[in-house]
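Asker: This is the structure I want to talk about, given as structure tokens.
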Amino acid sequence: METTARCLTDEGYDATTIRRIAAKLDCAVGSIYRYFRDKRDLLDVVAQSSLEPVALKVEAGAPVESSARQYHEIASSDLAMYRLMFWVHTVGATEPDADVQPQVIRRIIAGWTQRLGDESLARRSWMTLHGGITLGMSVDQVMEIITKDFEPRMEAVVAAERRAGSLKPKVRTAAALLREPVVVESELVAQQESDSHVKVAHYLASEEVVLL
């Protein structure tokens, strides 16, 4: 993946071909096609891998705020790769019912949904974060908007926690909720590899691939 990302950064999308990547890895072109349908499929995995640390952090029960800050830092540090992740995932997709959001984004939203008890709120928080990044807003500006957006919804969140028997005996604020970790089931923590990671692992383990 590092070789593909480096080729993409140095030479651009059009010049990053399966043949060129194979040449840099000193491996057969067919060995790459064994695990990836085409260039778009490979770049989809590579682009999403940049946010994998955030997804793992969320799945391990990290607070919304700390994971959102990490997401902002990673995406802002390489906006070209961040935008490419969405482009390669949607443009040219052959499945008519293909999800428009990359898998790594869906995992992050799922983790936030577990913490907040409200999928629409988790999605709205992600959309605010995503929009702020594309507009060049600082992470503090983005978190201020997300926190303010939480305030009217706190009553529903607290009610959900009461029903679940997890309400803590202290004053609840949106800012505090965003900083709290979530207790996750061991099964969720163990499930840390996405389908994309499995494909990459098999690819790198292939005896035909020699990393330079």
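Asker: Return the pair list, or none, for Cβ contacts closer than 8 Å from residues in the stretch 10-27 that are over 16 Å from residue 41 (Cα atoms) to residues that are loosely packed, with under 12 Cβ neighbours inside 10 Å and at pLDDT below 70, at least 6 apart or on different chains.
Answerer: The qualifying pairs are 24/212; 25/210; 25/211; 25/212; 26/210; 26/212; 27/210.
Asker: Follow-up. Provide a single number: the residues in the stretch 130-169 that are out of contact with any Gly (no Cβ under 9 Å at 6 or more places or on another chain), at pLDDT 90 or above and over 18 Å from residue 180 (Cα atoms).
Answerer: Final tally of qualifying residues: 7.
Asker: Can you tell me how many residues within the stretch 23-38 are within 19 Å of residue 88 (Cβ to Cβ) and modelled with pLDDT of 75 or more?
Answerer: We begin by selecting, within the stretch 23-38, every residue within 19 Å of residue 88 (Cβ to Cβ); these are 32-33, 35-38.
Still in the list and also modelled with pLDDT of 75 or more: 38.
Residues flagged as within 19 Å of residue 88 (Cβ to Cβ) and modelled with pLDDT of 75 or more within the stretch 23-38 amount to 1.
Asker: Taking the stretch 109-152 on its own, how many of its residues are in contact with a Leu (Cβ under 6 Å, 6 or more places away or on another chain) and under 21 Å from residue 61 (Cβ atoms)?
Answerer: The total comes to 1.
The values are calculated or read from the model by the stated rules, or taken from the named source; none is laboratory data. The structure presented is a predicted model; accordingly, all values stated were derived computationally and were not measured. All Cβ positions, glycine included, derive from the backbone under ideal geometry; neighbour counts span all protein chains shown.
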